[in-house]
Every structure is written in C-alpha cells, then in structure tokens.
Amino acid sequence: MVKRLLTALLVLIVVGAASAAGGYFYWQNRLEAPLSIEEPMLYQVPSGAGFNQVVAQLEEQGVLEDAWAFRLLARVEPERVPRLRTGEYQLLPNMTGLEMMALLGSNNVVTYSLTIPEGWSFRQMRELLNAAPKLEHRTAELSDAEVMTLLDREGTFPEGWFFPDTYRYHLGMSDVDILRQSLERMERILEEVWEERADDLTIDSPYEALIMASLIERETGAPEERREIAGVFKRRMEQGMRLQTDPTIIYGMGERYEGRITRADIREATAYNTYVIDGIPPTPIAMPGRDSLEAAVNPLPGETLYFVSRGDGTHHFSRTLREHNNAVNRYIRNR
C-alpha cells in the first residue's frame with residue numbers, strides 16, 4: 001500500500017514538473033513570438049507611462065497577442081523589464097515582443113531633421129521652427145528679446161548668433177533645444193575662427209567678424225568668392241570708402257522689401273544702409289556659415305575695390321571705377 005502511494009506521488013511530481021516545464025517554455029515562447037504587424041509602424045511611448053500601461057495599449061492596438069505573458073514577466077521577473085523611455089519608436093514585423101520591449105527602453109527613438117540654410121535671417125529660422133512637426137513650440141508666442149532671455153542671453157540682439165546647419169530632434173524636444181544647440185555652436189565656431197584671424201584686419205572684435213561674415217554670406221553663394229569679397233570690403237574700409245552692399249539696404253527695409261531696390265531705397269538713411277553709413281552695420285544681417293566666418297577674418301589680398309553680379313551667382317571684380325561701370329553696363333543695364 002505504501003509502495004503504491006509513493007509511486008502515485010512520484011508520478012504526480014513528475015507530471016507536475018513536466019507541466020511546469022511545459023508551461024514555462026510556452027510562456028518564454030510567447031515572449032519571443034513575432035509582433036502581430038505586417039509592416040513597420042510608429043509607436044509612441046506616452047510620457048510617464050508604466051510598463052503595464054504600455055502593454056495594455058499595445059494589446060489594444062493589435063501589436064501584441066499575448067500581453068498576459070508580459071504582465072507575468074513584470075510580476076515574476078521584474079529585472080527583465082526595461083525602464084521605458086518617452087518617445088517614438090519604429091516597430092518592425094520580424095521583431096519579437098522581447099526585442100520590442102528592449103527597443104522601448106533604449107535611445108533608438110525616431111528622429112526628424114530640420115535644416116537652417118546659410119544666409120537666412122533669425123525671423124526665417126523662427127518660422128521654420130514654428131512649422132516643424134513633432135517639436136514642442138515653446139517660443140512661438142515670445143518676442144525675439146524674450147527668446148534670448150530664455151536662452152540666458154538677455155539683451156543680446158539675436159540676428160547672426162545662430163549657426164546654420166541641419167539639426168536632428170525627436171519627440172519630447174522643443175524649439176528651445178534647437179535654438180540653444182545652434183547658438184552655442186555659433187559661439188564656439190566664432191571663437192575658433194577668431195583665433196585664426198589675420199593680423200591686419202579692419203575689424204576689431206569677434207562680433208564685428210560676425211557682422212562682416214553676414215555681409216559676405218548675403219553677397220555670394222559661391223564659396224570661391226567669399227575671401228575676395230572680404231578683401232574688397234577690407235580695402236574699401238581702409239580707404240575710407242563706404243561698403244555699398246545691397247543686402248544691407250534690404251535688411252534695413254525689413255518687411256517693406258518686395259523684391260527690388262529703388263534709387264530712393266539706396267538714399268534712405270537706415271541704420272543698416274551701407275550706401276549711407278560708414279563702416280559695417282550695427283548688427284549682423286543674416287546667419288553666416290563657417291566659410292563666410294573664415295573669409296571675414298582672412299580676406300584675400302589684392303587690389304579690387306568693386307564687384308557686380310554676373311547674374312549666374314558669381315561676380316565680376318574690378319580695380320577701378322571705370323572698369324566697374326563697364327561691368328555694370330555689361331551685366332546689369334543691358335540685362
């Protein structure tokens with residue numbers, strides 16, 4: 001009798017162990033099953049969401065068929081549950097549930113790009129930021145001065161202080177993050193460039209170099225011309241000539257500019273019109289790139305004092321006023 005009881009107990013233990021092992025392997029199999037999606041999809045982990053909340057949401061969306069397996073995981077093996085991060089993630093059809101959970105706890109969020117072209121104004125940059133998708137717009141209702149205060153640069157005029165480039169961002173970032181990156185990068189690059197300046201400049205500070213670089217940036221998109229344009233500006237200042245650069249007229253006109261400059265505009269006494277004022281304007285007129293910054297502090301030596309657009313993005317440079325007038329007749333008046 002005792003022998004039979006022992007045998008029965010042994011059978012029960014074996015069956016129970018087998019059942020437990022089978023259950024465990026089935027549970028692991030469910031954790032490693034592919035997601036129930038047929039094409040890539042974006043999933044956003046909500047701010048402050050817990051693991052069970054995310055699992056329930058994924059089940060509702062049909063991504064997970066065996067959400068119970070992950071709820072059980074959180075209960076019996078919490079050390080295997082990642083700490084989820086807020087953001088957007090790309091889920092793939094061949095991804096397992098465990099791989100998905102690891103992804104949702106990683107930094108591999110979906111990112112977006114935003115390009116600020118060289119020569120743009122701060123106003124244009126703000127318009128681009130305000131229209132950027134997935135970006136929190138914290139500055140949309142702020143004035144330029146309030147934006148600079150938010151960036152810990154109270155009292156700084158913003159024009160020119162933001163480096164034009166492509167910036168990447170993800171859900172959860174704000175326009176302030178992009179502005180701060182761009183500002184700090186311009187400050188760093190300007191400092192680097194100023195350290196490599198020529199000895200005989202007509203500008204006396206990094207800020208004046210930033211102003212000069214903005215004039216160069218707005219005058220030409222041809223990289224090979226930037227140092228020569230800087231050289232023209234330097235020689236004109238050395239000889240007491242005004243810079244007479246059209247982009248300063250346009251900037252001084254502000255929103256009144258409608259695509260053409262009249263003789264009245266050329267004579268108008270604005271703080272920026274270099275046909276009227278001596279030297280450089282009081283502030284930058286655009287965001288210069290590194291090439292223009294480097295040109296501003298290393299002008300090309302030479303004798304040219306004038307330049308005029310050929311109409312193809314390049315310029316004709318002249319040493320004398322007579323040569324310049326002939327070039328104007330050739331490239332401007334005839335056109």
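The values are calculated or read from the model by the stated rules, or taken from the named source; none is laboratory data. Because the structure is predicted, anything quoted here is derived from the model rather than measured. All Cβ positions, even for glycine, are placed from backbone atoms using ideal geometry, and neighbour counts span all protein chains on display. The protein model used for the area step is the full one, side chains on, heavy atoms only, and it has no ligands, DNA or RNA in it. Shrake-Rupley method; radii C 1.70, N 1.55, O 1.52, S 1.80 Å.
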Original post:
Rounded to two decimals, what is Rg over Rh for the chain when you use alpha-carbon atoms and the Kirkwood radius?
Top reply: 1.29
Original post:
Counting DSSP beta bridges with both partners in the chain, what percentage is antiparallel, nearest 5?
Top reply: 90 percent
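For n ≥ 4 DSSP H runs only, could you compute -39500 (n - 2.57) per run for the chain, divide by its residues and tell me the 222 nm figure to the nearest 500?
Working: 13 runs with 152 residues, N = 335.
Using -39500 (n - 2.57) per qualifying helix, the result is -14000 deg cm²/dmol.
Ranked by accessible surface with a 1.4 Å probe, highest first, in what order do M237, M212 come? Each step should come with its number before you reach the end.
Working: M237 50, M212 5 Å².
Sorted by accessible area, descending: M237, M212.
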Original post:
Once the other residues with Cβ under 12 Å from the Cβ of R123 are scored (Lys, Arg +1; Asp, Glu -1), what is the net sum?
Top reply: -3
**OP:** Enter the Cα centre distance for the pair region 36-59 and region 142-162, rounded to the nearest angstrom.
**Re:** 39 Å
